[in-house]
Amino acid sequence: MRGKAWMLTAVALTGLGLAQIRADGSSTVYPITQAVAEEFVTRNPQVRISVAFSGTGAGFQKFCRGETDVQNASRPIRKSELEACQKAGIQFIEIPVAYDALSILVNRQNTWAQCLTTAQLKSIWEPNAKVNYWKDLNPAWPNRRIVLFGAGTDSGTFDYFTEAIMGRAGSIRKDYFPSEDDNVIMRGVTGNPYAMAFVGFAYYEENKDKVKAVAIDHGKGCVLPSRETVLDGTYQPLSRPLFIYVNLKSLERKEVRDFVDFYLSPAARRAIRSTGYVELPDEAYRIGQGLVARKKTGSFFTDLPPGTPLAKFIEELRKEVQ
C-alpha cells in the first residue's frame, strides 16, 4: 500500500491545471494524510495532493524552507525547528489529528517475549547495551542474538521512542538496522524469528497476521497496544499524539483551506479510522477548526512529556482556545 521513502504518491488525477497541495514528513502520519487525501480528492477531483514521507525531522527542514504546505509529524516541533521556521518567516498552525500506540513487535515464531518491562526495553536499546541475546533477558529464552530494527534518526518515531524509553532523544545503540520506511522495518521482523522492532500502531494493525506485539509493563502490569488501551491511558509510555502543521501562507489558497477543513471534519473520521490509528474525541477536531479559523499560529506542545495520556492531552489542548 505504501511506497518507499521520499516516493511521492499522487492521490489525485494527473494532468495540467490541477490545484496542487504538497505534504511530507512522518512515515507514521503518512497513512492518515494519504487516506484523508484520497477521500478529499474523490470529492474534489480538481485538486492534486502529493504525500511523501522523508521522516518528521527531514520533513520539518523542507517545511521550514517553505517547500511544503502540510507537515506530517509524529512528535511536536522542536525548538531548533521552530527557530528555523521563524528565521525563514514561516508561520504555521499546529493541529493534532490522531493518537498512536508506538508498538514493540516481534516475529510470529517468538513464543517467549510476550511482555517486557520498560527497564528491559531500555537494557536492550540503550547505548553500549549489555543485552545482545534473548537469554540475556531470561536464561530460559533462546541463546540467539536479538536482531533490532527501528526508525532512522530523521524520524519522529525515533525521537519519541528514545526519549520515552531511554530518557533522552537520540540515545540508542549503534548496531540496529534503521530505516525511514516502516515497510522495510516490517520486512525485517517478518524475515527473522529473533527480530524486534518499534513502529507506529497502524503498521502493526496492517500486519497482525505476520507479527506479534509485545505487551509493555510500565509498573502497573503488562498492557498490549490497542485502541482501548490508548483511550483509557493504560498503554504507557508509548502512547503519543500525531500532528499536522499547516503553513499559514498556504492556507490562503482555497484548495489548502478546503483540505484542512475536510481533514478536521466528521467526514474524514472514516479515513482516519481506516488506518488503524486512534481518532481523537470530536472536541479535539473542533478545537483544531477553531485554531484554523482564528489563524492561531505557533506550537503549544513543544515540551509535551512522552507518554502523555490522551485525557491529559485533551486537557492541554483546551488551553489553546482559552
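The values are calculated or read from the model by the stated rules, or taken from the named source; none is laboratory data. Owing to the predicted nature of the structure, the values given are computational and were not obtained by experimental measurement. Note that we place each Cβ from the backbone using ideal geometry, even for glycine, and neighbour counts take in every protein chain shown. Side chains are part of the model used for accessible areas, which takes the heavy atoms of the whole protein and leaves out ligands, DNA and RNA. Shrake-Rupley method; radii C 1.70, N 1.55, O 1.52, S 1.80 Å.
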Checked against (1) crowded, with 23+ Cβ neighbours inside 10 Å; (2) at pLDDT below 95, Leu13 satisfies every condition except (1)
Restricted to the stretch 25-73 and to residues being of a type in the set (Gly, Ala, Ser) and farther than 16 Å from Glu180 by Cβ, the residue surrounded by the fewest Cβ atoms within 10 Å (Cβ to Cβ) is Gly66
Of the residues in the stretch 194-208 that are over 12 Å from Ser103 (Cα atoms) and at pLDDT 95 or above, the one that is least open to solvent (accessible area, probe 1.4 Å) is Ala195
The residue that is nearest to Glu255 (Cα to Cα), considering only those in the stretch 41-89 that are modelled with pLDDT of 95 or more and of a type in the set (Phe, Trp, Tyr), is Phe63
Of (1) open to solvent by 60 Å² or more (accessible area, probe 1.4 Å); (2) not in a loop (DSSP other than H, G, I, E, B), Asn128 satisfies every one except (2)
Of the listed residues (Val292, Val230, Val256, Val211), the one being among the hydrophobic types (A, V, I, L, M, F, W, C), at pLDDT below 95 and touching a helix residue (DSSP H, G or I) at 6+ places or on another chain (Cβ under 8 Å) is Val230
Q) Just a yes or no: is a residue in the stretch 294-308 closer than 23 Å to Arg22 by Cα and touching a Gly at 6+ places or on another chain (Cβ under 9 Å)? A) yes
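Would you pick out the residues in the stretch 47-100 that are part of a loop (DSSP other than H, G, I, E, B) and free of Cβ contacts under 8 Å to residues at least 60 places away in the same chain? Quick ask: steps written out before the conclusion?
We begin by selecting, within the stretch 47-100, every residue part of a loop (DSSP other than H, G, I, E, B); these are 52-55, 64-69, 74-78, 88-91.
Scanning the stretch 47-100 gives Ala52, Cys64, Arg65, Glu67, Ala88, Gly89.
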Q. Residue check: is Ile314 touching a residue at least 12 places away in the same chain (Cβ under 8 Å) and assigned to a strand (DSSP E or B)?
A. no
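Kindly indicate whether any position in the stretch 134-153 is modelled with pLDDT under 95 and in a loop (DSSP other than H, G, I, E, B).
Just the residues of the stretch 134-153 that are modelled with pLDDT under 95, to begin with: 151-153.
Still in the list and also in a loop (DSSP other than H, G, I, E, B): 152-153.
Yes: the stretch 134-153 contains one or more residues that are modelled with pLDDT under 95 and in a loop (DSSP other than H, G, I, E, B).
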Screening Val230, Val292 for residues that are under 30 Å from Gly191 (Cα atoms), among the hydrophobic types (A, V, I, L, M, F, W, C) and in contact with a strand residue (DSSP E or B) (Cβ under 9 Å, 6 or more places away or on another chain) leaves only Val230
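Determine whether the stretch 79-95 contains at least one residue that is under 21 Å from Val278 (Cβ atoms) and not small (Gly, Ala, Ser). Talk me through it step by step, then tell me what you get.
Here is the first cut: in the stretch 79-95, the residues under 21 Å from Val278 (Cβ atoms) are 94-95.
Of the ones still in play, those that are also not small (Gly, Ala, Ser) are 94-95.
Yes: the stretch 79-95 contains one or more residues that are under 21 Å from Val278 (Cβ atoms) and not small (Gly, Ala, Ser).
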task: Would you be able to say whether some residue in the stretch 279-297 is over 17 Å from Glu39 (Cα atoms), crowded, with 16+ Cβ neighbours inside 10 Å and among the charged types (D, E, K, R)?
output: no
On the given criteria, is Glu206 assigned by the TED database to the domain that holds Arg145, touching an Asp or Glu at 6+ places or on another chain (Cβ under 9 Å), farther than 27 Å from Leu317 by Cα and not polar (S, T, N, Q)? no
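Would you mention how many residues in the stretch 114-140 are aliphatic (A, V, I, L, M) and closer than 18 Å to Tyr160 by Cβ?
Keep residues of the stretch 114-140 that are aliphatic (A, V, I, L, M), which gives 116, 119, 121, 124, 129, 131, 137, 140.
Now narrow it down to the ones that are closer than 18 Å to Tyr160 by Cβ: 116, 121, 124.
Counting residues in the stretch 114-140 that are aliphatic (A, V, I, L, M) and closer than 18 Å to Tyr160 by Cβ gives 3.
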Residue check, Ser155 open to solvent by less than 40 Å² (accessible area, probe 1.4 Å), free of Cβ contacts under 8 Å to residues at least 40 places away in the same chain and among the small types (Gly, Ala, Ser):
no
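Could you tell me whether Asp182 is of a type in the set (D, E, K, R), at pLDDT below 95 and buried (at least 22 other Cβ atoms within 10 Å of the Cβ)? Please lay out each step first, then the result.
Working: of a type in the set (D, E, K, R): yes; at pLDDT below 95: yes; buried (at least 22 other Cβ atoms within 10 Å of the Cβ): yes.
Here the answer is yes, as Asp182 does meet what is asked.
Tally the residues that are hydrophobic (A, V, I, L, M, F, W, C), within 11 Å of Val278 (Cβ to Cβ) and open to solvent by 30 Å² or more (accessible area, probe 1.4 Å), restricting the search to the stretch 209-239. Spell out how you get there, then give the answer.
First pass over the stretch 209-239, keeping only residues hydrophobic (A, V, I, L, M, F, W, C): 211, 213-216, 222-224, 230-231, 238.
From the residues that got through so far, the ones that are within 11 Å of Val278 (Cβ to Cβ) too are 230-231.
Now narrow it down to the ones that are open to solvent by 30 Å² or more (accessible area, probe 1.4 Å): 231.
Adding up the residues that qualify gives 1.
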